[in-house]
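Participant: Before I ask anything, let me first share the structure, which is written out below as structure tokens.
The values are calculated or read from the model by the stated rules, or taken from the named source; none is laboratory data. Predicted model, so just to flag it, every value in this text is computed and none were measured. Glycine also receives a Cβ, built like all others from the backbone with ideal geometry; neighbour counts cover every protein chain displayed. What goes into the accessible areas is simple: the full protein's heavy atoms, side chains included, and nothing from ligands, DNA or RNA. Shrake-Rupley method; radii C 1.70, N 1.55, O 1.52, S 1.80 Å.
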Amino acid sequence: METIRLLVDNNSNSEKSYTQAVDLLNNGEVVAFPTETVYGLGAVATNDRGVKKIFEAKGRPSDNPLIVHIGTIEEVANFIEEIPENALKLMDTFWPGPLTLIMKAKPGILAPSVTAGLTTVGMRMPDHEVALDLLRKLKKPVAAPSANRSGKPSPTKAEHVEEDLQGRIPLILDGGATGIGIESTVLDITVNPPVILRPGGVTKEMLEEVIGEVIQPTKLQEKLDSTPKAPGMKYTHYAPNAPVYLIESDQMTVSEAISKLSNKGEKIALLAPLSFENLGADFFFPYGEEGDQEMMSSKLYDDLRACDKTQATIILATTTSIQGVGAAIMNRLEKAAGGNWYK
């Protein structure tokens with residue numbers, strides 16, 4: 001299969017690109033497209049044949065549920081049994097945006113592969129012009145995980161999708177680099193108080209301003225969940241080829257680690273603030289200024305992928321606080337490192 005990549009911007013050719021994408025989706029195919037978080041790999045969420053192609057292209061475990069993307073808030077009622085009051089408040093405040101809400105699905109409507117055997121489904125309305133245009137032209141729900149090979153860092157550029165899925169999918173809509181750079185917050189509102197299953201750009205503090213108490217576990221019960229309610233709860237994710245180790249964001253600590261590892265013959269890639277540039281790492285990928293979590297969030301996956309283009313044998317990634325979006329950043333870093341810290 002040849003993978004075609006089409007640039008989508010404000011010109012007449014974009015309409016042809018959308019038409020091609022809509023036709024493919026209606027014919028049970030998959031299409032990669034940008035959102036404000038990462039690029040997604042979508043299929044019509046009511047077409048089980050199409051949805052299974054997502055799992056096939058990604059090499060994704062079939063017990064990992066998918067998020068359903070919609071173009072208008074009104075569509076929620078077509079797929080959800082009962083929309084809780086809290087959900088309506090959150091949709092009104094954060095949609096379109098990087099917030100996925102777990103609700104009770106109407107039985108027999110969504111493809112079985114979307115829900116992975118659960119009675120619930122995660123839904124969101126993405127805040128990206130290309131994604132919304134595609135969804136509104138299609139007029140159908142689209143199930144879409146990140147458009148990468150399973151376990152690899154999520155794609156924040158069309159070329160990332162191409163690197164992973166060339167020859168495995170028919171079409172990539174190229175809308176440039178994504179903004180937020182990490183996946184949406186996933187909030188389970190089938191329980192009270194609601195629980196954050198995956199932290200993201202909409203933080204605990206932001207949610208609590210709208211609906212009151214929200215629980216954000218420090219460690220989700222991943223091993224207890226044979227069928228997790230949200231993507232990314234059970235398997236190792238976001239990992240480049242070389243092993244990743246987390247390290248405190250302290251120049252002395254990092255400098256000593258680089259010295260010891262260099263003496264052992266390791267080639268070191270360092271992901272850290274700009275001020276860490278001259279500590280002797282073989283390859284340096286700056287997050288931005290110290291404490292700039294928005295920059296760290298937007299660059300994280302791109303930097304992890306860039307490490308694969310070096311000769312690095314080990315990757316050191318400095319940490320950040322778990323306040324605000326830092327909780328989401330640390331969640332992704334811990335998964336990329338498999339929980340390993342440099343000691």
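Participant: Give the residue, chosen from LEU66, LEU6, that is buried (at least 20 other Cβ atoms within 10 Å of the Cβ) and in contact with a helix residue (DSSP H, G or I) (Cβ under 8 Å, 6 or more places away or on another chain).
Facilitator: Result of the check over LEU66, LEU6: LEU66.
Results for (1) over 22 Å from PRO199 (Cβ atoms); (2) part of a helix (DSSP H, G or I); (3) open to solvent by 10 Å² or more (accessible area, probe 1.4 Å), shown as yes or no for each residue.
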position: THR46; (1), (2), (3): yes, no, yes
position: VAL51; (1), (2), (3): yes, yes, no
position: LEU90; (1), (2), (3): no, yes, no
position: THR100; (1), (2), (3): no, no, no
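Participant: Related question: Would you confirm whether any residue within the range 189-199 is in a helix (DSSP H, G or I) and touching a residue at least 12 places away in the same chain (Cβ under 8 Å)?
Facilitator: Scanning the range 189-199 turns up no residue that is in a helix (DSSP H, G or I) and touching a residue at least 12 places away in the same chain (Cβ under 8 Å).
Participant: Related question: What's the number of the only condition in (1) assigned to a helix (DSSP H, G or I); (2) in contact with a strand residue (DSSP E or B) (Cβ under 9 Å, 6 or more places away or on another chain) that LEU173 fails to meet?
Facilitator: Evaluating LEU173 over (1) assigned to a helix (DSSP H, G or I); (2) in contact with a strand residue (DSSP E or B) (Cβ under 9 Å, 6 or more places away or on another chain) leaves (1) as the failure.
Participant: When both residues are 6+ apart or on different chains and their Cβ atoms are under 7 Å apart, which pairs have a first residue that lies in the range 15-36 and is under 18 Å from GLN166 (Cβ atoms) and among the charged types (D, E, K, R), and a second that is at pLDDT 95 or above and part of a loop (DSSP other than H, G, I, E, B)?
Facilitator: GLU29/PRO170
Let's see how each residue does on (1) of a type outside the set (Phe, Trp, Tyr); (2) within 28 Å of LYS106 (Cβ to Cβ); (3) modelled with pLDDT under 95:
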| site | (1), (2), (3) |
| --- | --- |
| VAL8 | yes, no, yes |
| SER14 | yes, no, yes |
| ALA21 | yes, yes, no |
| ASN26 | yes, yes, no |
| VAL30 | yes, yes, no |
| PHE33 | no, yes, no |
| GLU36 | yes, yes, no |
| TYR39 | no, no, no |
| GLY42 | yes, yes, no |
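Participant: Taking the conditions exactly as written (part of a loop (DSSP other than H, G, I, E, B) and open to solvent by 20 Å² or more (accessible area, probe 1.4 Å)), does LYS152 satisfy them or not?
Facilitator: Answer is yes for this residue.
Participant: Find the residue count for the range 166-203, including only residues that are over 25 Å from LEU88 (Cα atoms), of a type in the set (A, V, I, L, M, F, W, C) and surrounded by fewer than 24 Cβ atoms within 10 Å (Cβ to Cβ).
Facilitator: Result for the range 166-203: 2.
Participant: Next question. Identify, from the list GLY40, GLY59, the residue that is under 23 Å from PRO112 (Cβ atoms) and open to solvent by 20 Å² or more (accessible area, probe 1.4 Å).
Facilitator: GLY59
Participant: Follow-up. Conditions first: (1) in contact (Cβ under 8 Å) with a residue 40 or more places away in the chain; (2) touching a Ser or Thr at 6+ places or on another chain (Cβ under 9 Å); (3) within 24 Å of PHE55 (Cα to Cα). PHE94 passes all but one, so which condition is the exception?
Facilitator: Unmet for PHE94, out of (1) in contact (Cβ under 8 Å) with a residue 40 or more places away in the chain; (2) touching a Ser or Thr at 6+ places or on another chain (Cβ under 9 Å); (3) within 24 Å of PHE55 (Cα to Cα): (3).
Participant: Here is a further query. Please go through the range 133-149 and give me each residue that is closer than 22 Å to ASN47 by Cβ and either over 12 Å from the mean Cα position of the chain (by Cα) or surrounded by fewer than 24 Cβ atoms within 10 Å (Cβ to Cβ) (or both), ordered by number.
Facilitator: Listed by number, the residues that qualify are ASP133, LEU134, LEU135, ARG136, LYS137, LEU138, LYS139, LYS140, PRO141, VAL142, ALA143, PRO145.
Participant: Considering only residues that are assigned to a loop (DSSP other than H, G, I, E, B), hydrophobic (A, V, I, L, M, F, W, C) and under 17 Å from the mean Cα position of the chain (by Cα), which ones fall in the range 102-128?
Facilitator: Within the range 102-128, just MET125 meets the criteria.
Participant: Now for a separate question. What are the residues in the range 104-123 that are in contact (Cβ under 8 Å) with a residue 40 or more places away in the chain and polar (S, T, N, Q), if any?
Facilitator: Matches in the range 104-123: SER113, THR115, THR120.
Participant: Further question: On the basis of being open to solvent by 40 Å² or more (accessible area, probe 1.4 Å), over 22 Å from THR185 (Cα atoms) and of a type in the set (Asp, Glu), does GLU294 make the cut?
Facilitator: So GLU294 fails the test.
Participant: Counting only residues that are in a loop (DSSP other than H, G, I, E, B) and in contact with a strand residue (DSSP E or B) (Cβ under 6 Å, 6 or more places away or on another chain), how many does the range 155-168 have?
Facilitator: 1
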